[in-house]
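Colleague: Here you go, one structure.
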Amino acid sequence: MAIITLTTDFGEKDHFAGATKGAIYSELEDVRIVDISHSISPFSIPEAAYIIQNAYKSFPKGTIHLIGIDSEINPENKHIAVKLDDHFFICANNGIMSMICSEIAPEKIVEINIHDKIQTSFPVLDVFVKAACHIARGGTLEVIGKSINTIKPLKNLVPYVNDDKTQIIGSVIYIDNYGNVITNIKKNFFETIQKGRPFVISARNNKFKSIFEKYSDIVNFDIEESKRNDEGRGLVVFNSGDFLEIAVYKSNSSTVGSASTLMGLGLMDSISVNFIKV
């Protein structure tokens, strides 16, 4: 049974997500549809890229991932289908795929060209669904598009490094449900520049000199629980996707606060890492 996932900024109030599922079932009765998220911030390409990169590997090979973010076609925003890591991705060529493609080379990219056969003002419902169902039936990418070699890059995907390799300047690409702040600085990139040197991570007026392996490492379990006062303390980890993350231990925006609210950090804000000469 084919699996088609949906990642969109449609939200839960409107009919868009339900209509897209209905269109898929109208084409294919024997299919499984999985919602990855419909709560992407509107038109947030970095957010969508982060979520799909961290979600797709959990699905079986051959899964088809339909990504509905900023998908209205125009001369600067074509539609593509990509085969990568034995998965298929259908989306606009607006940078969403560049985060995954920076680590894994695509096996095939086509620019979808079936629009002349489909009248649409809702490309996810019409064009993307047709392409996904074609692939689910075993169809090849060449039937729905022409081969291309490159995709549009995502702005600010790679952090800036100064000439003498003493500073990394990254940016916030995602804020999760806990208010944790995820940057575009990946663990391998960080360690390659660091070369074992001590560092200071700066986020507005907050500074961190260590990175924990997990959130609870900030807790001193030798101290009596009632005297710890650990909730609400800021920390830095490399998260499950190996991205540098600034977090608050047991964050809750309505009680102790979160990294985003307490530190005043939002999407695309700068985060700097300064390495100290020893």
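Colleague: Here are some residues: 236, 273, 256. Which one is at pLDDT below 90 and surrounded by 12 or more Cβ atoms within 10 Å (Cβ to Cβ)? Spell out how you get there, then give the answer.
Modeller: Details: 236 fails: at pLDDT below 90; 273 fails: at pLDDT below 90.
256 is the lone residue from the list that is at pLDDT below 90 and surrounded by 12 or more Cβ atoms within 10 Å (Cβ to Cβ).
Colleague: Hey, could you check the stretch 57-81 for residues that are hydrophobic (A, V, I, L, M, F, W, C) and surrounded by fewer than 19 Cβ atoms within 10 Å (Cβ to Cβ) and say which is nearest to residue 144 (Cα to Cα)? Explain how you work it out, then say what you get.
Modeller: Step one: filter the stretch 57-81 for residues hydrophobic (A, V, I, L, M, F, W, C), giving 59, 64, 66-67, 69, 73, 80-81.
Still in the list and also surrounded by fewer than 19 Cβ atoms within 10 Å (Cβ to Cβ): 59, 73.
Numbers: 59: 24, 73: 16 Å.
The qualifying residue nearest to residue 144 (Cα to Cα) is 73.
Colleague: Run down 54, 113 and say which single residue is exposed (fewer than 15 other Cβ atoms within 10 Å of the Cβ), of a type outside the set (Val, Ile, Thr) and touching a Gly at 6+ places or on another chain (Cβ under 6 Å). Talk me through it step by step, then tell me what you get.
Modeller: Working: 54 fails: exposed (fewer than 15 other Cβ atoms within 10 Å of the Cβ).
Going through 54, 113 in turn, the sole match is 113.
Colleague: Kindly provide the set of residues from the stretch 44-68 that are part of a loop (DSSP other than H, G, I, E, B) and modelled with pLDDT of 95 or more, ordered by number.
Modeller: Once the filter is applied, which keeps residues that are part of a loop (DSSP other than H, G, I, E, B) and modelled with pLDDT of 95 or more, the stretch 44-68 yields 59, 60, 61, 62, 63.
Colleague: Follow-up. Among the residues of the stretch 82-92, are any of a type outside the set (Val, Ile, Thr), open to solvent by 60 Å² or more (accessible area, probe 1.4 Å) and in a loop (DSSP other than H, G, I, E, B)? Steps first, answer last, please.
Modeller: The first filter runs over the stretch 82-92 and keeps only residues of a type outside the set (Val, Ile, Thr), leaving 83-89, 91-92.
Now narrow it down to the ones that are open to solvent by 60 Å² or more (accessible area, probe 1.4 Å): 83, 86.
Those still in the list that are in a loop (DSSP other than H, G, I, E, B) too: 86.
Yes.
Colleague: Which one of these is within 24 Å of residue 95 (Cβ to Cβ) and exposed (fewer than 14 other Cβ atoms within 10 Å of the Cβ): 147, 210, 171?
Modeller: Numbers: 210 fails: within 24 Å of residue 95 (Cβ to Cβ); 171 fails: exposed (fewer than 14 other Cβ atoms within 10 Å of the Cβ).
Going through 147, 210, 171 in turn, the sole match is 147.
Colleague: Residues that are within 23 Å of residue 44 (Cβ to Cβ): which strands (runs of 3 or more DSSP E) entirely in the stretch 160-278 hold 1 or more of them? Full working, then the answer.
Modeller: Details: elements: 167-175, 181-186, 199-203, 206-208, 234-238, 243-248, 270-275.
Strands (runs of 3 or more DSSP E) meeting the threshold: 167-175, 181-186, 199-203, 234-238, 243-248, 270-275.
Colleague: Can you tell me how many residues within the stretch 155-168 are open to solvent by less than 100 Å² (accessible area, probe 1.4 Å) and either of a type in the set (Val, Ile, Thr) or in contact with a Ser or Thr (Cβ under 7 Å, 6 or more places away or on another chain) (or both)?
Modeller: 6
Colleague: When you look at residue 129, is it in contact (Cβ under 8 Å) with a residue 60 or more places away in the chain, under 24 Å from residue 16 (Cα atoms) and not in a strand (DSSP E or B), yes or no?
Modeller: Values: in contact (Cβ under 8 Å) with a residue 60 or more places away in the chain: yes; under 24 Å from residue 16 (Cα atoms): yes; not in a strand (DSSP E or B): yes.
Taking the combined requirement at face value, the residue satisfies it.
Colleague: Residues that are in contact (Cβ under 8 Å) with a residue 60 or more places away in the chain, under 26 Å from residue 142 (Cβ atoms) and of a type in the set (Ser, Thr, Tyr): does the stretch 18-39 have at least one?
Modeller: There is at least one residue in the stretch 18-39 that is in contact (Cβ under 8 Å) with a residue 60 or more places away in the chain, under 26 Å from residue 142 (Cβ atoms) and of a type in the set (Ser, Thr, Tyr).
Colleague: Then there's this: Where residues in the stretch 10-35 are surrounded by 21 or more Cβ atoms within 10 Å (Cβ to Cβ) and either of a type outside the set (A, V, I, L, M) or within 12 Å of the chain's Cα centre (by Cα) (or both), which of them is farthest from residue 70 (Cα to Cα)?
Modeller: Residues of the stretch 10-35 surrounded by 21 or more Cβ atoms within 10 Å (Cβ to Cβ): 10, 20, 24.
Right, trim to either of a type outside the set (A, V, I, L, M) or within 12 Å of the chain's Cα centre (by Cα) (or both) and you get 10, 20.
Values: 10: 11, 20: 15 Å.
Top of the filtered list is 20.
Colleague: Looking at 35, 116 in this structure, which one is acidic (Asp, Glu) and assigned to a helix (DSSP H, G or I)? Write out each step before concluding.
Modeller: Numbers: 35 fails: assigned to a helix (DSSP H, G or I).
Of 35, 116, the one residue that is acidic (Asp, Glu) and assigned to a helix (DSSP H, G or I) is 116.
Colleague: Write out, first by first residue and then by second, each pair whose Cβ atoms fall under 6 Å of each other, whose residues are 6+ apart or on separate chains, and whose first residue, in the stretch 99-110, is within 14 Å of residue 57 (Cβ to Cβ) while the second is part of a loop (DSSP other than H, G, I, E, B) and at pLDDT 90 or above.
Modeller: 104/85
Colleague: So residue 123 ticks every box in (1) open to solvent by less than 20 Å² (accessible area, probe 1.4 Å); (2) out of contact with any Asp or Glu (no Cβ under 9 Å at 6 or more places or on another chain) but one. Which box is left unticked?
Modeller: (2)
Colleague: Name every residue in the stretch 93-106 that is of a type in the set (Gly, Ala, Ser) and either open to solvent by less than 10 Å² (accessible area, probe 1.4 Å) or in a helix (DSSP H, G or I) (or both), in order of residue number.
Modeller: Kept after step one, since they are of a type in the set (Gly, Ala, Ser), are these residues of the stretch 93-106: 95, 98, 102, 105.
Within the stretch 93-106, 95, 98 meet the criteria.
The values are calculated or read from the model by the stated rules, or taken from the named source; none is laboratory data. None of these values were measured; they are calculated from a predicted model. As a convention, Cβ positions derive from the backbone with ideal geometry for all residues, glycine included, and neighbour counts pool all protein chains shown. Surface areas here come from the heavy atoms of the whole protein model, side chains and all, with no ligands, DNA or RNA. Shrake-Rupley method; radii C 1.70, N 1.55, O 1.52, S 1.80 Å.
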